[in-house]
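Take a look at the structure below.
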Amino acid sequence: MKIVRTAAELRTEGSTGLVPTMGGFHEGHLSLFRSARAENRTVVASLFVNPAQFAPGEDLDRYPRDEKRDATLAEEAGVDVLFAPAAEEIYPDGFQTWVDVEEVGSILEGEYRPGHFRGVATVCLKLFNLVRPARAYFGQKDAQQVAVIKRMVRDLAVPVEIRVCPTIRDEDGLALSSRNAYLSPEERERALALPRALAARDPGALDGLAVDYFEEADFEPRVLAAAVRVGSTRLIDNVVLEGDTE
Ligand code: PAF
C-alpha cells in the first residue's frame, strides 16, 4: 500500500473505489474497504480529520489519530492507496468555496451541529475531484451524511456512484464508531440504551441519557434516527424502517 499526501501523487488506474475516512479505523471502516476491494481495480482510502466539519468546542482535538495503526489495518483490508493530506492540500490559502445542501443538511444533526454538513459535503466533493472515483463508500450508520452526499451528487451531477454499507455493531449492539473510544466502561454500559431504544422503537428506553433527538427521517431508506450524549460523548445511530441499506 502506498501512502500519499498530495493530489499530484494521486494517480490511479482502472475503476477506483474511494472510502473517505477520518481514521480511528474499526470493523465498520474495514467492511467499507472490503466492499470497495470487491468492486474496484484500485481502492483509495482517504485519511483526513476534516476541521471544517467540527464546530468550536467539539472533539476535533481529541479525535483519535494513529496513522501507523490505521495504515496497517487499511493495508490488511486490501487498500491500495492511503491518501493522508495535510490541511493545506484540501483547504489551500484563500479557500472560500463551500457546498451547502440546504434542507437535508439543516435538520436533525444539522440543527445540533450547524455547519457540520457544509464541512462534510465540501470535503467529500473535494475528495471526489482529487481521486475521481467511480464509486465512493459510506456507512449506513451515518444515514443523514449519506442523504446529504447523495443529494449533492444528484444536484451537482458529480460522476460517482454512492455505495452504502450496513452498520456494523459490537456484540452488545452498540454501533461501531471512532467516538466509542471516549466512553468509560460505565458510560459504555449506559450507551447500550441507544441501540436498544432504536430496536424497540421506544424513546422511553433512553431514560437517563441526554437525548438530542429520536425521530423518523425520510431518507432513502426511511430511518428512525437518534443522537444522545453520554457524559461528554455524543453518539448517533439509526435503524432502517423500510427497504434495505442500499
Ligand atoms: O464519516 C466520516 O468519517 C466523515 O464525515 C467523512 C465522510 C470522511 C468526511 O470527512
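The values are calculated or read from the model by the stated rules, or taken from the named source; none is laboratory data. Note that the coordinates shown come from a computational prediction; the quantities given were computed from them, not determined experimentally. Here Cβ is always computed from backbone atoms with ideal geometry, including for glycine, and neighbour counts include all displayed protein chains. Areas reflect the complete protein model, heavy atoms only, side chains present, ligands, DNA and RNA absent. Shrake-Rupley method; radii C 1.70, N 1.55, O 1.52, S 1.80 Å.
Helix-only arithmetic for the chain: the sum of -39500 (n - 2.57) across DSSP H runs with n ≥ 4, divided by the residue total, places the mean residue ellipticity at 222 nm at -8500 deg cm²/dmol. Distance between the C-alpha centres of segment 93-164 and segment 204-246: 20 Å, rounded to the whole angstrom. Listed by chain and number, the lysines placed with their C-alpha closer than 28 angstrom to that of residue 150 are 126, 141; residues fewer than eight positions away on the same chain are left out. In this structure the amide hydrogen of residue 213, modeled in the peptide plane, comes within under 5 Å of the amide hydrogens of 227, none closer than 5 places in sequence on its chain. Short-range pairs are left out: with C-alpha atoms under 8 Å and at least six residues apart, the relative contact order of the chain is 18 percent.
For segment 81-90, 3J(HN,Hα) computed residue by residue from phi via the Karplus equation (6.51, -1.76, 1.60; θ = phi - 60°) reads 9, 9, 9, 10, x, 7, 4, 5, 6, 8 Hz, glycine and proline entered as x. Taking trypsin sites (Lys or Arg not before Pro) as candidate sites, keep only those in a DSSP loop with at most 11 other Cβ atoms within 10 Å, then name the longest stretch of the chain containing none of them. After excluding every exposed loop site, the longest remaining stretch is 63-246. Note on the chain: with charges restricted to the Cβ of Lys and Arg (+1) and Asp and Glu (-1), its dipole about the Cα centre is near 620 debye. In percent, rounded to a whole number, the relative contact order of segment 4-79 is 37, using alpha-carbon pairs under 8 Å and six or more apart. Pick out, from 83, 72, 99, the residue whose Cα sits farthest towards the positive end of the charge dipole of segment 70-118, with +1 on the Cβ of Lys and Arg and -1 on the Cβ of Asp and Glu. The listed residue farthest towards the positive side: 99. In terms of its alpha-carbon gyration tensor, segment 1-59 comes out oblate; a/c meets the 1.5 threshold, while b/c is at least as large as a/b. The portion of the accessible surface of the chain made up by carbon and sulfur, rounded to a whole percent, is 48 (1.4 Å probe; DNA, RNA and ligands excluded).
Loop-located GluC sites (Glu not before Pro) across segment 138-212 with a Cβ neighbour count of 16 or fewer within 10 Å are 171, with loop assigned by DSSP.
The 3J(HN,Hα) values that the Karplus relation (6.51, -1.76, 1.60; θ = phi - 60°) gives for segment 210-218 are, in residue order, 7, 9, 7, 7, 8, 9, 6, 10, 8 Hz. Gly and Pro appear as x.
Between residue 156 and residue 60, the FRET efficiency estimated from the beta carbon spacing at R0 = 30 angstrom works out to 0.65.
In the full protein context, segment 19-78 carries 45 Å² of accessible surface per residue, based on a 1.4 Å probe and ignoring ligands, DNA and RNA. Residues whose amide H comes within less than 5 Å of that of residue 169, counting only those at least five positions distant or on another chain, are 176 (H built at 1.01 Å from N in the peptide plane).
Nearest 5 percent is fine: what portion of the DSSP beta bridges confined to the chain is antiparallel? If I count the DSSP bridges inside the chain, around 45 percent turn out antiparallel. Within the same chain, lysines fewer than 8 places from residue 2 are excluded, and of the rest, those with a Cα less than 17 Å from its Cα are 68.
If you take all C-alpha pairs in segment 122-226, what percent of them are over 23 Å apart? In whole percent, the long-distance tail amounts to 39.
Computed from phi, the 3J(HN,Hα) profile of segment 164-172 under the Karplus parametrisation 6.51, -1.76, 1.60 (θ = phi - 60°) reads 10, 10, x, 5, 9, 10, 6, 4, 7 Hz, with x in place of Gly and Pro. Extension gain for residue 172-residue 86 works out to 27.3 nm (0.36 nm per residue, less the C-alpha to C-alpha distance).
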